[in-house]
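Inspection log for the structure reproduced underneath, given as structure tokens.
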Amino acid sequence: MTETGRSPSNVQGARGKHMSDQKDERPGHGAADPTDENAIHEAYTAYAEAFAREPAVAAAFWGQPALNVLPHQVRAFNTSAEVSDYYADALAHLKLRGYSHSRLKARRVEMLNSTTALYKATFTRIKADGTELEQSAATYLFHKSADGWKMFAAIATDVDKIAADNLGLDLAKSAAARGKTRRLRTPARRVI
């Protein structure tokens, strides 16, 4: 919210352009670097492959402290060993249900700044016989450090929330490709 009470999407900048049409020149702001988006996707893919086989390797993709946010529980992990133990237990329970591996269905990277991103993923857990065990979704908080991109939070997410988010993105891209874009106005709201 601006001091005038108008939302930023309605504010006119220099030369009469909407502020949302202007490039942000500040370091760490503006368009996402495709290299970072690819690195985040590669890190997640490697993590998912490790999760199905080696919890200690999967834990190496996490920074500390780490959070796992489930609908009825929030767990904090202060060491890689705690993450590894948690994954070993989770994998053991999944294997009892026939789990073999996971298949990524949809993904989306949202860069928050040059060193922080959200990675939204939907995936299908597959049984050893090739049938579907379950569909799941999560939103991961990634942060870039000298060690590269690491996860610091995993938030259980409703599958339909990510599917709808990806659908909205696909529809916007499709409309833009056809030259039928329109600016969406968001209602003014107070940021605290």
request  = Only loop residues by DSSP count here, and only those with at most 13 other Cβ atoms within 10 Å; note down the trypsin sites (Lys or Arg not before Pro) in the range 93-167 that meet that.
outcome  = Arg97
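Rounded to the nearest 0.05, what FRET efficiency is calculated for Gln135 and Ala156 with R0 set to 22 Å and r the Cβ-Cβ distance? Walk me through the numbers on the way to the answer.
Working: r = 12 Å, r/R0 = 0.56.
Efficiency, from the Cβ-Cβ distance: 0.95.
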note = Of the listed pairs Lys105/Lys161; Lys120/Lys150; Lys120/Lys144; Lys95/Lys161, those with alpha carbons more than 23 Å apart are Lys95/Lys161
ask   = Asp85 versus Ser114, label points 7 Å from Cα toward the beta carbon: distance in nm?
value = 3.9
request  = Counting other beta carbons within 10 Å of each Cβ, put Ile162, Ile40 in order, fewest first.
outcome  = Ile162, Ile40
Potential extension, Ala76-Leu96 segment - 0.36 nm per residue separation minus Cα distance = 4.7 nm
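We did not get these values from a lab; they are worked out from the coordinates using the rules stated. Given the structure is predicted, the values throughout are model-derived calculations rather than measurements. Every residue, glycine among them, receives a Cβ derived from its backbone with ideal geometry; neighbour counts consider all protein chains shown.
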